[in-house]
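See below for the structure under consideration.
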Amino acid sequence: MEIPKPSEEDKQFFRSLVPDDPAVEIKPMFGHLGAFVGGNMFAGLFGPAVGVRLDDAAREELAAIDGSGPFGPEQRPMGGYTSLPAAWRATPDLAAYWVDKALSHVSSLPKKAKKPKRART
């Protein structure tokens, strides 16, 4: 299985979509990027694809738009996430709208408890 790597341009595009909010954190994930709020990921970058986590109604609405689809590795896409159409790079405001919807949805979820650090032996 070949994993696509995001280019610096892909990473910059992703960062441009994520709201500048002190509660939001962008973290590297296995060479890709994820945007988190309350410890939960609301948007991610996998290769050149941007994926968002939405409630069921919004996910169905996005899934009905041409060019959207599963997010993550083809053999094992991430449940609950949908890729934004690649054509939306030409209309970043539209892509940012869906990232904002994802942030709003995930902000309403319970915060993830931080795992305690394991003791080294």
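The figures follow:
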| quantity | calculated |
| --- | --- |
| Tally, over the range 2-31, of residues that are touching a residue at least 40 places away in the same chain (Cβ under 8 Å) and in contact with a Phe, Trp or Tyr (Cβ under 6 Å, 6 or more places away or on another chain) | 0 |
| The range 80-94, subset part of a loop (DSSP other than H, G, I, E, B) and within 12 Å of the chain's Cα centre (by Cα), residue modelled with the highest pLDDT | Leu84 |
| Candidate set: the range 57-74, residues that are among the charged types (D, E, K, R) and either part of a helix (DSSP H, G or I) or touching a helix residue (DSSP H, G or I) at 6+ places or on another chain (Cβ under 6 Å) (or both); chosen: the one surrounded by the most Cβ atoms within 10 Å (Cβ to Cβ) | Arg59 |
| Test: residue in the range 106-113 that is under 19 Å from Glu9 (Cα atoms), modelled with pLDDT under 90, open to solvent by 70 Å² or more (accessible area, probe 1.4 Å) and not aliphatic (A, V, I, L, M) | no |
| Selection within the range 32-56 - of a type outside the set (Gly, Ala, Ser), in contact (Cβ under 8 Å) with a residue 60 or more places away in the chain and open to solvent by 10 Å² or more (accessible area, probe 1.4 Å) | Val37, Asn40, Met41 |
| Number of the condition not met by Met29 [criteria: (1) open to solvent by 20 Å² or more (accessible area, probe 1.4 Å); (2) within 13 Å of the chain's Cα centre (by Cα); (3) at pLDDT 95 or above] | (3) |
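The values are calculated or read from the model by the stated rules, or taken from the named source; none is laboratory data. The shown structure was predicted, so the numbers you read here are calculated from the model rather than taken from an experiment. For neighbour counting, all protein chains shown are included, and Cβ atoms are generated from backbone atoms with ideal geometry for every residue, glycine included. Ligands, DNA and RNA are stripped out before the accessible areas are found, and what is left, the full protein with its side chains, is counted by its heavy atoms. Shrake-Rupley method; radii C 1.70, N 1.55, O 1.52, S 1.80 Å.
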